[in-house]
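Student: Sharing a structure with you now.
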Amino acid sequence: MATRSGPLSYSVGEDGTPQGPEYELARRFADDLGVVLKITPMRSYADIYAALSSGQVHLAAAGLKVPQRPTQGIEFGPTYQRVREHLIYRRGAPRPGSLAEIGNGDLEIASGSSHAKALSAARDSLPELVWVEVATTNSQSLLEGVAAGSIDYAIADSTEFAFAHDAHPDLRIAFDFPGSQSLAWAASDRYPEFRQTMGAYFAGLTRSGELAAIVDRYYDRSEDAEFSEAPDFMRHLQSRLPLYKKWFEEAAEQSSQDWRLLAAIGYQESKWNPRAASGSGALGLMQLTMQSATAVNVANPSDPRQSIFGGARYFRQVYEKIPAHVPEPDRTWFALAAYNIGYGHVEDARVLAQKAGRDPDSWDDVREFLPLLAEEHWYTQTENGYARGSEPVRYVDNIRSYVDLLEWAGTGSSNPDGLALN
């Protein structure tokens with residue numbers, strides 16, 4: 001197997017143990033085949049494709065993007081993840097809104113990557129666009145350069161940015177490139193049996209929910225609030241929360257909830273900013289849509305007091321939809337996910353979990369199936385169809401972290417578990 005060295009593909013831990021999502025997937029594949037896995041890290045994408053074309057390796061598992069046009073001598077397996085491409089800059093530096101606004105800034109990318117192809121296409125309309133291609137497959141080193149100020153801009157996949165943001169919270173997304181890209185393994189056409197075998201392997205991982213679990217373990221954890229948002233949260237805890245804490249407490253008492261949970265929802269939704277507005281039309285501190293605001297008798301969602309009390313009532317309504325037999329704290333986690341994505345989609349994920357032999361009343365089990373709602377194979381089997389299922393997983397993780405931070409900060413304790421109350 002050809003791969004690339006880095007935390008998101010293959011690396012060796014401090015104890016000498018191989019790790020990384022591509023390694024874990026490939027090791028399981030080799031075990032299924034009953035063969036020994038031989039790993040060959042490559043320095044550049046060109047080296048990876050050359051090794052495939054020559055037959056030096058059987059397959060490449062390196063976060064490769066499926067090209068729009070066929071690649072001679074190479075066949076791609078099924079898509080196992082989709083990513084977005086970001087232009088990354090450092091907080092405090094000028095933020096460009098497009099490639100045309102980069103000007104004389106230093107833009108560096110990995111040589112032979114899909115990013116190079118995207119920039120070459122953009123040059124048709126921006127002949128003055130200049131960038132540097134570095135002979136590496138490790139975008140983390142480029143992002144470290146942006147964080148250090150030695151590079152002005154870099155292009156990174158959404159997974160790469162999320163991971164780097166853990167260690168470098170000053171990294172920021174300037175804008176997204178259009179669309180998203182499919183990641184897949186690649187195999188040499190010298191070994192045609194590999195494509196069929198890979199297809200069956202990933203189909204099995206998807207059905208069992210193991211693929212979603214692996215992706216979540218390596219990627220989604222990088223966006224947890226406890227790590228990336230804690231500094232901002234603690235600052236807002238001092239400057240913003242005192243303005244609204246009394247209303248959170250009163251609303252919690254009226255709706256039989258923990259005020260810290262409501263406050264955590266408010267922070268996740270708006271950073272406690274009553275003027276916040278989303279592209280989907282949600283408004284105010286608790287980001288109520290006009291439909292949800294009407295349902296809970298909120299006349300002005302931008303009024304912070306109305307928003308907080310309305311958000312508390314709306315969360316209680318969602319909470320009551322979760323079957324009463326679901327134990328705590330799982331019932332609260334399901335309610336949070338439903339507040340974010342809608343009750344119907346949460347039920348769809350519970351049904352998928354149950355069909356796979358998992359516990360539909362366990363949040364830890366169901367969270368592995370929510371991301372599947374973005375995949376056509378799965379959402380076509382559900383009652384409510386497509387949903388960006390990774391978002392409620394991160395949403396719940398973030399709110400749990402915010403509740404923990406509120407407890408740690410000693411903001412008061414009405415319910416030590418930070419849960420909705422019966």
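Student: What residue among N297, N340, N273 has the largest mean-square fluctuation in a Gaussian network model of the chain, using Cα springs under 10 Å?
Tutor: N297
Student: Cα axis of helix 193-208 to longest principal axis of the chain: angle in degrees, 0 to 90, nearest 10?
Tutor: On a 0 to 90 degree scale, this one is about 10.
Student: Follow-up. Ranked highest first by average number of other Cβ atoms within 10 Å, how do 122-130, 96-104 line up?
Tutor: 96-104, 122-130
Student: About the Cα centre of the stretch 1-129, how large is the charge dipole given +1 on each Lys and Arg Cβ and -1 on each Asp and Glu Cβ? Please answer in debye to the nearest 20.
Tutor: It works out to roughly 220 debye.
Student: With a 1.4 Å probe and every protein chain kept in, tell me what percent of the accessible surface of the stretch 1-98 is carbon plus sulfur.
Tutor: Of the solvent-accessible surface of the stretch 1-98, carbon and sulfur hold 47 percent.
Student: Moving on to the next point. Provide the solvent-accessible area of T382, counting protein heavy atoms only and rolling a 1.4 Å probe, rounded to the nearest 10 Å².
Tutor: 20
Student: Extension gain S150-Q68, at 0.36 nm per residue separation less the Cα-Cα distance, in nm?
Tutor: Answer, rounded to one decimal: 26.2 nm.
Student: For the chain, calculate the relative contact order in percent as a whole number, restricting contacts to Cα pairs under 8 Å that are 6 or more residues apart.
Tutor: 14
Student: Okay, next question. Give me the angle, in degrees from 0 to 90, between the Cα long axis of helix 304-321 and the longest principal axis of the Cα atoms of the chain, rounded to the nearest 10.
Tutor: On a 0 to 90 degree scale, this one is about 70.
Student: Now for a different question. Can you tell me the 0 to 90 degree angle between the C-alpha axis of helix 390-408 and the longest principal axis of the chain, rounded to 10?
Tutor: Value to nearest ten degrees: 50.
Student: If amide H atoms are built 1.01 Å from N in the plane of the peptide, which residues on other chains or at least 5 residues away come under 5 Å of the amide H of G6?
Tutor: Residues meeting the amide H criterion: S11.
Student: Something else now. Could you calculate the FRET efficiency of T289 with H325 from 1/(1 + (r/R0)^6), where r is the beta carbon distance between them and R0 is 35 Å, rounded to 0.05?
Tutor: The calculated FRET efficiency here is 0.75.
Student: Taking the Cα-to-Cβ direction at Q238 and at T17 and moving 7 Å from each Cα, how far apart do the two end points lie in nm?
Tutor: 4.0
Student: Here's a follow-up. By the gyration tensor of its Cα atoms, with a ≥ b ≥ c the square roots of the eigenvalues, what is the shape of the stretch 336-387: rounded for a/c under 1.5, prolate for a/b over b/c, or oblate?
Tutor: Judged from the Cα gyration tensor, the stretch 336-387 comes out oblate (a/c at least 1.5, b/c at or above a/b).
Student: A further question on this structure: Under the rule of -39500 (n - 2.57) per DSSP H run of 4 or more residues, summed and divided by the residues of the chain, what mean residue ellipticity at 222 nm is obtained, to the nearest 500 deg cm²/dmol?
Tutor: Taken over the chain, the calculation gives -14000 deg cm²/dmol.
Student: Tell me the label-point distance for the pair E253, K355, using the 7 Å Cα-to-Cβ offset, in nm and rounded to one decimal.
Tutor: Once both label points are built, they end up 4.7 nm from each other.
Student: Now for a different question. Among L211, S255, L37, flag the residue with its Cα farthest along the positive direction of the charge dipole of the chain, charges on Cβ as +1 for Lys/Arg and -1 for Asp/Glu.
Tutor: Towards the positive end, the residue furthest out is S255.
Student: Moving on to the next point. Report the calculated FRET efficiency for L37 and V130 (r = Cβ-Cβ distance, R0 = 35 Å), to the nearest 0.05.
Tutor: Plugging the Cβ-Cβ distance into 1/(1 + (r/R0)^6) gives 0.25.
Student: What is the spin-label model distance, in nm, from N384 to R190 if the labels are put 7 Å beyond Cα along the C-beta direction?
Tutor: Here the answer is 5.0 nm between the modelled labels.
Student: Here is a follow-up. I'd like the distance between the alpha-carbon centres of the stretch 1-59 and the stretch 357-398, rounded to an integer number of Å.
Tutor: Cα centres, the stretch 1-59 to the stretch 357-398: 29 Å.
Student: Let me ask you something else. Counting only heavy atoms of the protein chains, get the accessible area per residue of the chain (1.4 Å probe) and round it to a whole Å² value.
Tutor: Dividing the accessible area of the chain by its residue count gives 46 Å².
Student: Sticking with this one: Output the Kirkwood hydrodynamic radius of the chain, Cα pairs only, in Å rounded to one decimal.
Tutor: Averaging 1/r across every pair of different Cα atoms and inverting gives 23.4 Å.
Student: Quick one: check the C-alpha center-to-center distance for the stretch 264-286 versus the stretch 309-334, whole angstrom.
Tutor: That distance is 20 Å.
Student: Indicate the gyration tensor shape class of the stretch 1-58 (rounded, prolate or oblate), computed on the Cα atoms with a ≥ b ≥ c the square roots of the eigenvalues: a/c under 1.5 is rounded; otherwise a/b larger than b/c is prolate and the rest oblate.
Tutor: Oblate is the answer for the stretch 1-58, as a/c is 1.5 or above yet b/c matches or exceeds a/b.
Student: When the chain is modelled as a GNM with alpha-carbon springs shorter than 10 Å, which of F163, F29, F76 fluctuates the most?
Tutor: Result for the chain, Cα springs under 10 Å: F29 fluctuates most.
Student: Next up: Over 10 Å intervals from 0, what percent of Cα-Cα pairs in the stretch 1-147 sits in each interval?
Tutor: For the stretch 1-147, the binned pair fractions read 10, 35, 33, 17, 5, 0 percent.
Student: Something else about it: So for the chain, if I pair up every lysine 8 or more residues apart or on another chain, how many of those pairs have alpha-carbons under 26 Å apart?
Tutor: Final tally of qualifying lysine pairs is 5.
Student: Let me ask another. Assign unit charges at the C-beta atoms only (+1 for Lys and Arg, -1 for Asp and Glu), then state the dipole size of the chain relative to its Cα centre in Debye, rounded to the nearest 20.
Tutor: So the magnitude is around 660 debye.
Student: Moving on. Mark the label point 7 Å from the Cα of F175 along Cα→Cβ and return the residues of the stretch 121-135 whose backbone N is within less than 18 Å of it.
Tutor: 121-131
The values are calculated or read from the model by the stated rules, or taken from the named source; none is laboratory data. The structure presented is a predicted model; accordingly, all values stated were derived computationally and were not measured. Ideal geometry is used to build each Cβ from the backbone, glycine not excepted, and the neighbour counts take in all protein chains shown. Please note that ligands, DNA and RNA were not included when accessible areas were found on the heavy atoms of the full protein model with its side chains. Shrake-Rupley method; radii C 1.70, N 1.55, O 1.52, S 1.80 Å.
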